[in-house]
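Student: Quick one: the structure is below, and I'll ask about it shortly.
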Amino acid sequence: MNVLLIGSGGREHALAWKIAASPVLTKLFCAPGNPGISGSASCVPLNVEDHEAVLAFCRERNIDLVVIGPEAPLVAGLTDVLTDAGIGVFGPCAAAAQLEGSKGFTKDLCAKYDIPTADYQRFNNAPKARNYVREKGVPIVIKADGLAAGKGVVVATELGQALEAIDDCFEGAFGDAGAEVVVEAFLEGEEASFFCLCDGKTALPLATAQDHKRVGDGDTGPNTGGMGAYSPAPVMTPERIAQTMRQIIEPTMRGMAEMGAPFTGVLYAGLMVSDDGPKLIEYNTRFGDPECQVLMMRMKDDILLLMKGAAEGALESMSVSWHDKVALCVVMAAKGYPGTPRKGGVINIPESLDVEDELEIFHAGTAMNDGTLVADGGRVLGITAMGKTVADARQRAYAAVDAVDWPDGFCRRDIGWRAV
Ligand code: AMP
Ligand code: GLY
């Protein structure tokens, strides 16, 4: 198979690494990719927003399957354009990607199908939202409806903070994404990420993982895209997984099919787990980053065959198996992240790390500058190791982190703390 992977982050490096190991792969391209991905794929400077250019590339190179990593091209309808032209795509159509693209859409679906989630209201103007927040009190959660690169959510513990978040949204802090606001009840518990492969009819559960969203140790400081992850997440017991499938994932699949937008691709449920069972915080319609890095390390099966199965509606007869070991990923970010990251610093990765077993250094924001690897983004490397226990995997990952020479970098030192 000829495959085009779309994206340039650590998630896409992990996908490229895993796809490249598939015996059915002929040639892997990645647009735009990064220096790490270029070890597994031919990186091509396609403008992914130009759907016609992507289509022309697919025709020219006889691409059998396009794998879309990030959410923006999904919400923008890249899948629809390629599917209409007869090209296989792993990733939902725009109508199904609304599960991530509109928080209000997902909340309405939950209400209609009785899916456990926080109580909510949707608003299209500030005065009504402000009144509602005053009536409900704090803690309360304010969300921009649309895609806001993970920055559109404020968990407010003070009324002033909630009112300010509402004003920010309606005053355009998130552009069109904030033209509508969802206000929802605060949920308590432990968060977990749960992933399924979907083909429109069948949802095949993948593994569980736990992300670390705050920038600082002990879950302090501002939210980020994710500073580290591990899999499996012990909080997701077999019973809770079964409950999640029955109460959350399966009704969602049914609902999407009923509205004529059957879901294909990866459905990523962000869950809040408490004694009441798992509740849906939000859906994403792609793999998590850095959760993907730990899932790809643990997956035993051929990801490409599974993705093809998802694209072709053939998941019912497929299964996925996992290494028993734990995988843990520590994200190294550039100082300044999640604000303005310091770019251009030279990164030296010792060769001994490249050859170590069950250790992968996934690149995100890196670039080559005259043959030298430099930092070129917020999250830069995802150092991912396997071990018999969380403690083992963590010890191996941090040993590799400490061997990387990059003075501008930093990481959290406590990834996996809930499980250790
Ligand atoms: P989201 O982008 O919807 O995943 O929200 C980002 C983060 O905000 C989540 O990972 C949670 O930590 C937090 N969050 C979102 N909604 C709620 C909620 N209803 N209750 C508590 N925390 C929440
Ligand atoms: N790690 C969280 C996300 O990918 O949305």
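The values are calculated or read from the model by the stated rules, or taken from the named source; none is laboratory data. Since the model is a prediction, treat every value here as computed from it, not as a measurement. Quick reminder, even Gly has a Cβ in these numbers, built from the backbone with ideal geometry, and neighbours come from all protein chains shown. With ligands, DNA and RNA removed, areas are computed over all heavy atoms of the protein, side chains included. Shrake-Rupley method; radii C 1.70, N 1.55, O 1.52, S 1.80 Å.
Student: Could we say that residue 214 is among the basic types (Lys, Arg) and more than 13 Å from ligand 1 (Cβ to nearest atom) here?
Tutor: Values: among the basic types (Lys, Arg): yes; more than 13 Å from ligand 1 (Cβ to nearest atom): no.
Here the answer is no, as residue 214 does not meet what is asked.
Student: Can you tell me which residue is nearest to residue 225 (Cα to Cα) among those in segment 266-279 that are in a strand (DSSP E or B) and away from ligand 2 (no atom under 14 Å from the Cβ)?
Tutor: Kept after step one, since they are in a strand (DSSP E or B), are these residues of segment 266-279: 266-274, 277-279.
Of the ones still in play, those that are also away from ligand 2 (no atom under 14 Å from the Cβ) are 272-274, 277-279.
On the way: 272: 18, 273: 20, 274: 23, 277: 25, 278: 22, 279: 21 Å.
Result: 272.
Student: In addition: When you go through 179, 97, 165, 148 one by one, which is the residue that is within 16 Å of ligand 2 (Cβ to nearest atom) and at pLDDT below 95?
Tutor: Exactly one of 179, 97, 165, 148 is within 16 Å of ligand 2 (Cβ to nearest atom) and at pLDDT below 95, namely 148.
Student: Can you find even one residue in segment 210-232 that is within 16 Å of ligand 2 (Cβ to nearest atom), among the aliphatic types (A, V, I, L, M) and more than 13 Å from residue 412 (Cβ to Cβ)?
Tutor: Scanning segment 210-232, I find no residue that is within 16 Å of ligand 2 (Cβ to nearest atom), among the aliphatic types (A, V, I, L, M) and more than 13 Å from residue 412 (Cβ to Cβ), so the answer is no.
Student: Right, here's the next one. Can you tell me which of 85, 56, 96 is of a type in the set (A, V, I, L, M, F, W, C) and closer than 30 Å to residue 184 by Cα?
Tutor: Answer to the selection: 96.
Student: Before we move on, is residue 147 part of a loop (DSSP other than H, G, I, E, B) and either in contact (Cβ under 8 Å) with a residue 12 or more places away in the chain or open to solvent by 40 Å² or more (accessible area, probe 1.4 Å) (or both)?
Tutor: Taking the combined requirement at face value, the residue satisfies it.
Student: Suppose we filter segment 104-128 for residues that are in a helix (DSSP H, G or I), closer than 28 Å to residue 224 by Cβ and either touching an Asp or Glu at 6+ places or on another chain (Cβ under 9 Å) or not hydrophobic (A, V, I, L, M, F, W, C) (or both); how many remain?
Tutor: Total meeting the criteria: 5.
Student: Read through the list (1) within 16 Å of ligand 1 (Cβ to nearest atom); (2) surrounded by fewer than 24 Cβ atoms within 10 Å (Cβ to Cβ); (3) within 21 Å of residue 72 (Cβ to Cβ), then give the number of the only condition that residue 274 fails.
Tutor: (3)
Student: While we're here: For segment 191-258, which strands (runs of 3 or more DSSP E) that fit wholly inside it have 1 or more residues that are under 21 Å from residue 153 (Cβ atoms) and more than 17 Å from the chain's Cα centre (by Cα)?
Tutor: 214-216, 220-223
Student: When only residues in segment 151-162 that are open to solvent by 20 Å² or more (accessible area, probe 1.4 Å) and not in a helix (DSSP H, G or I) count, which is modelled with the lowest pLDDT?
Tutor: Keep residues of segment 151-162 that are open to solvent by 20 Å² or more (accessible area, probe 1.4 Å), which gives 151, 153-155, 157-161.
From what is left, the residues that are not in a helix (DSSP H, G or I) are 151, 153-155, 157-158.
Working: 151: 79, 153: 90, 154: 91, 155: 92, 157: 94, 158: 95.
The selected residue is 151.
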